[in-house]
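Student: There's a structure below that I have some questions on.
The values are calculated or read from the model by the stated rules, or taken from the named source; none is laboratory data. Treat the numbers as computed from the prediction; the structure is a model and nothing was measured. Because the Cβ atoms are built from the backbone with ideal geometry, glycine has one as well, and the counts that use them run over all protein chains shown.
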Amino acid sequence: MSNIRKAGLCLLLLLVWLPAACSGNGQQAKSYGEDGYLGMTNTNPNLPTSPSYHTYAVDTDMMRKAVASIEGVQDVRIMTNGANATVTLTVPNQLPAEEKERIRTLALEQLNHEVPRYHFTVKLIAK
């Protein structure tokens with residue numbers, strides 16, 4: 001390949017590469033969230049400085065409140081194990097089976113709505 005062809009090829013590559021390198025992609029730099037911590041509470045929701053930070057005690061209180069208002073529930077026991085929670089509800093013994101199932105289903109729906117990060121098992125004890 002002659003020197004003129006090499007020079008022409010280099011010039012052609014330079015003419016194609018230079019505009020592509022200088023054009024940018026139109027994206028702008030993102031700013032930090034207005035949290036006073038350079039956006040850290042927005043990117044790490046489990047930091048204690050985040051408003052969405054919850055302890056197990058807060059989570060179990062939320063679970064208890066979610067099911068305590070269901071008519072027929074007399075007592076609530078909650079056991080957590082990582083992302084799994086077992087909620088045991090005490091209901092009156094004289095309730096029909098359909099009503100017990102309705103309470104269990106409603107409790108499961110409300111728990112999933114209030115604290116969606118857990119996998120729930122709802123058990124009923126009739127007393």
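Student: Which residues, taken from segment 60-90, are in contact with a helix residue (DSSP H, G or I) (Cβ under 9 Å, 6 or more places away or on another chain), of a type in the set (A, V, I, L, M) and closer than 13 Å to LEU111 by Cα?
Tutor: Selection gives MET62, MET63, ALA66, VAL67, ILE70, VAL76, ILE78, ALA85, VAL87, LEU89.
Student: Something else now. Provide a single number: the residues in segment 65-90 that are surrounded by 15 or more Cβ atoms within 10 Å (Cβ to Cβ), at negative phi and not in a strand (DSSP E or B).
Tutor: Number of matching residues: 4.
Student: Evaluate the following for TYR56: is it within 27 Å of PRO116 (Cβ to Cβ) and either at pLDDT below 90 or of a type in the set (Asp, Glu) (or both)? Outline the logic, then answer.
Tutor: On the way: within 27 Å of PRO116 (Cβ to Cβ): yes; either at pLDDT below 90 or of a type in the set (Asp, Glu) (or both): yes.
Judged against the criteria, TYR56 is a match.
Student: Oh, and also: How many of the residues in segment 84-105 are over 22 Å from the mean Cα position of the chain (by Cα) and within 17 Å of MET62 (Cβ to Cβ)?
Tutor: Residues of segment 84-105 over 22 Å from the mean Cα position of the chain (by Cα): 88-105.
Cutting the leftovers down to within 17 Å of MET62 (Cβ to Cβ) gives us 88-89.
So the answer is 2.
Student: Just one of GLY72, GLY26 is of a type in the set (Gly, Ala, Ser), more than 18 Å from THR121 (Cα to Cα) and at pLDDT 90 or above; which is it?
Tutor: Details: GLY26 fails: at pLDDT 90 or above.
Step by step, each of GLY72, GLY26 is checked, and only GLY72 is of a type in the set (Gly, Ala, Ser), more than 18 Å from THR121 (Cα to Cα) and at pLDDT 90 or above.
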